[in-house]
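Shown next, in structure tokens, is the structure this report addresses.
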Amino acid sequence: MSGGASPFVFATAQYESGDWDSAPLVPANVIDSLARYTALDVAPQGVVVPLASEALFRHPLVYMTGHLPVRFTAAERRNLRRFAVRGGILFVDDHNHDVDGVFHRTAVTELRDTFAEIGPLAPLSNAHALYRAFFTFAEGPPTTSHELNGWGDNLVHPQLHAVLAPSAGRRQPDRARIAVLYSNKDYSSEWNYHPDNKRFLSIDNTRFAVNLVVYALTH
């Protein structure tokens, strides 16, 4: 699965359980960042993609978030496994920033069960190529203001978690690509504001989203 000659379209996952649309301003913010920092051809608006739909396979990267319990349907599970095998990346971010929250507990269980045949959901090395895909994040995933302010679980999560799938012709785990990326850091709250408000930030906190997209289009 690749970006090809078509514009990159930011896709938000719609799933039957939970509140999949809890961060409606994230797509516009990420699209704005891609236009500001890269030469990528980017569609001006994002799309909503049902996880059980064939439309899922049009996108190299799909973003998923929410606050409420996650329960994938059988059709969603089948599609997500096919999506991962065909080269797609599912980025799941906990909008609760709380390891005791219902989104975290249920989403992690669903991801582990859904992708068990592909690989485990395990900590991703902070030296992974994702953190150098465009901007350099030498210490791994950038910390959010919610972690620093002690909201949620009062923890700074030093690593993201991932399911790694073998790249074509490559079997070594350290050379595998990301198929699923899971975050406890609540980037959904961090990026859920109007893009015009970036002018008030000393450092644009959506830069890591650019790395996600560039990695998805090049691996």
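Bear in mind these aren't lab numbers, they're just calculated from the coordinates by the rules spelled out. Worth saying up front: this structure is predicted, and the values here are computed from it rather than measured. We place every Cβ from the backbone using ideal geometry, glycine too, and count neighbours over all the protein chains shown.
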Legend entry - Tally, over the stretch 180-219, of residues that are under 20 Å from Asp98 (Cα atoms), assigned to a helix (DSSP H, G or I) and of a type outside the set (Asp, Glu): 3
Legend entry - Set Val99, Val108: member being more than 16 Å from the chain's Cα centre (by Cα) and farther than 15 Å from Leu51 by Cβ: Val99
Inset, instruction - Run down Val49, Val62 and say which single residue is in contact with a Leu (Cβ under 9 Å, 6 or more places away or on another chain), aliphatic (A, V, I, L, M) and without any contact (Cβ under 8 Å) to a residue 40 or more places away in the chain. - result: Val49
Inset, instruction - For the stretch 10-42, name all the residues that are within 18 Å of Arg77 (Cα to Cα), in a loop (DSSP other than H, G, I, E, B) and among the polar types (S, T, N, Q). - result: Ser17
Inset, instruction - Could you please give the count of residues in the stretch 20-43 that are loosely packed, with under 14 Cβ neighbours inside 10 Å, within 18 Å of the chain's Cα centre (by Cα) and acidic (Asp, Glu)? - result: 1
Legend entry - Considering residues of the stretch 44-56 that are part of a loop (DSSP other than H, G, I, E, B) and either small (Gly, Ala, Ser) or under 15 Å from the mean Cα position of the chain (by Cα) (or both) only, the residue nearest to Tyr215 (Cα to Cα): Gly46
Inset, instruction - May I ask you to verify whether Ala138 is without any contact (Cβ under 8 Å) to a residue 12 or more places away in the chain and over 15 Å from the mean Cα position of the chain (by Cα)? - result: yes
